[in-house]
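The values are calculated or read from the model by the stated rules, or taken from the named source; none is laboratory data. Fair warning: this is a prediction, and the values are worked out from it, not measured in the lab. Counting neighbours? That spans all protein chains shown, and the Cβs are built from the backbone with ideal geometry, glycine included. Side chains are part of the model used for accessible areas, which takes the heavy atoms of the whole protein and leaves out ligands, DNA and RNA. Shrake-Rupley method; radii C 1.70, N 1.55, O 1.52, S 1.80 Å.
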Amino acid sequence: MIKLNSLQYPNVLELDFDEKITMQPLKDNFFIEERILKFASKFNFKNLKTFSLSKDGILGLMLSLKGRILVSLGESEAIVQAAKSYKELGFDLEFIPLEKEGTLKYEKISKCDYIFCSSYVMDTYVKVDLQKVKELSSATLISNISATLNPSISDMVILDSYKLTGYSLGSILLYNDVLDEAVTSEIDTVSIFQIEKAIEKVTVKTEYKSLFVETLNEEFNDNIFYFVKPNECLEYTLHFGLKGIKAREIIRTLSLTSIFVTNGEGCSLGLSKPSRILQEMGYKEIESRWALSLNFSEDLSEETIKKVVKTLGKKYRQIIALNS
């Protein structure tokens, strides 16, 4: 198996259900509290809450915040949908659009109290200049760090349980200031310890991207399209499109040969809608259906990389011939 989609679909670890990690009334929970605080301190935060990283969960977080909010359109679907609902309720919220090349439109950032903006754009993994975002907004910065595990200069960070563990458990919000209790009503210890275990297993490989790009260009020539520049994405990711076919077709057929790629959030088999991110960048729906995303987390030989690309080329030509 050659897994090139682990940022979206990690290797799932066995779930831990242990009495030792339960918070129980009339019992000393010092061990659990110490573990939780130790986990938060690894990311240089003092406090931790669990919540649902869904439209409703994020909306609950937004409602607990007081002030003007900005949200990058490069954030996850749950955050963007929650933001739309928050705005429809009459609260002060504006969106930060994306440029055609995938970067944020920094000139659209204005002073606000809170800003949801990660150090990368979902799907494409284009890097975001958070220092610039902070300077322009003077806001409390809330970032999803599930792909980097680096809090950088963020004031609050989100760890996505599904992206990290493969389970739809509670996600984690790390912060330093006191938040309204509306954010969450309990601590989900199973989620915390499962995410902690998953993070210990995370690996990234930065040395394979250039060879992949070179080999892909040789194989596909004019049939490959880069929505974003490879050197502007996270170092262990690659985003591109194959012209004239839907990504779901290539994803499905590659999976039959145990090569796993994705085309964005929630799309391991390419069954979901085309990338919203690419459409926010100004691409047509049909173009956004070309998109494929890779990330490198395992050791790969040069021979393996060339084999993957050759297989990709073969499947691509077969699909083109069948569709013609």
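Say whether the condition of being among the hydrophobic types (A, V, I, L, M, F, W, C) and under 13 Å from the mean Cα position of the chain (by Cα) is met by at least one residue in the stretch 93-110.
Residues of the stretch 93-110 that are among the hydrophobic types (A, V, I, L, M, F, W, C), as a first pass: 93, 95-96, 98, 104, 109.
Add one more test, that the residue is under 13 Å from the mean Cα position of the chain (by Cα), and what stays is none.
No, the stretch 93-110 has no match at all.
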Count of the stretch 232-248 residues which are open to solvent by less than 10 Å² (accessible area, probe 1.4 Å) and over 20 Å from Phe296 (Cα atoms): 1
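One line per residue, one yes/no per condition, for (1) modelled with pLDDT under 95; (2) open to solvent by 20 Å² or more (accessible area, probe 1.4 Å); (3) within 21 Å of the chain's Cα centre (by Cα):
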position: Val178; (1), (2), (3): yes, yes, no
position: Thr189; (1), (2), (3): yes, no, no
position: Pro230; (1), (2), (3): no, yes, yes
position: Ile250; (1), (2), (3): yes, no, no
position: Glu265; (1), (2), (3): yes, yes, yes
position: Lys273; (1), (2), (3): yes, yes, yes
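Among the polar types (S, T, N, Q), open to solvent by 20 Å² or more (accessible area, probe 1.4 Å) and more than 23 Å from Asn217 (Cβ to Cβ), is that true of Ser301?
Details: among the polar types (S, T, N, Q): yes; open to solvent by 20 Å² or more (accessible area, probe 1.4 Å): yes; more than 23 Å from Asn217 (Cβ to Cβ): no.
Taking the combined requirement at face value, the residue does not satisfy it.
So, in the stretch 208-248, exactly how many residues are closer than 15 Å to Leu292 by Cβ and part of a helix (DSSP H, G or I)? Explain how you work it out, then say what you get.
Narrowing the stretch 208-248 to residues closer than 15 Å to Leu292 by Cβ: 209, 212-213, 215-217, 219-220, 223-228, 230, 233, 237-248.
Remaining after also requiring part of a helix (DSSP H, G or I): 209, 212-213, 215-217, 219-220, 223, 230, 247-248.
Looking only at that region, the number is 12.
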What's the number of the condition Ile158 fails, among (1) over 28 Å from Lys66 (Cα atoms); (2) crowded, with 19+ Cβ neighbours inside 10 Å? (1)
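What are the residues in the stretch 284-304 that are in a helix (DSSP H, G or I), closer than 21 Å to Tyr125 by Cα and of a type outside the set (Asp, Glu), if any? Please lay out each step first, then the result.
So in the stretch 284-304, the residues in a helix (DSSP H, G or I) come out as 285-288, 302-304.
Next, from what is left, pick out any that are closer than 21 Å to Tyr125 by Cα: 285-288.
Matches in the stretch 284-304: Ile286, Ser288.
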Which is open to solvent by 20 Å² or more (accessible area, probe 1.4 Å) and small (Gly, Ala, Ser), of Gly166, Gly102, Gly170? Gly166
Among the numbered criteria (1) assigned to a helix (DSSP H, G or I); (2) touching a residue at least 24 places away in the same chain (Cβ under 8 Å); (3) farther than 15 Å from Ala78 by Cα, which single criterion is violated by Ser152? (1)
Any chance you could count how many residues in the stretch 14-51 are within 20 Å of the chain's Cα centre (by Cα), assigned to a loop (DSSP other than H, G, I, E, B) and either crowded, with 19+ Cβ neighbours inside 10 Å or modelled with pLDDT under 80 (or both)? 0
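Going by the structure shown, is Ile142 open to solvent by less than 10 Å² (accessible area, probe 1.4 Å), closer than 25 Å to Ile199 by Cα and assigned to a helix (DSSP H, G or I)? Walk me through how you get there before you give the answer.
Details: open to solvent by less than 10 Å² (accessible area, probe 1.4 Å): yes; closer than 25 Å to Ile199 by Cα: yes; assigned to a helix (DSSP H, G or I): no.
No; evaluated as a whole, the condition is false for this residue.
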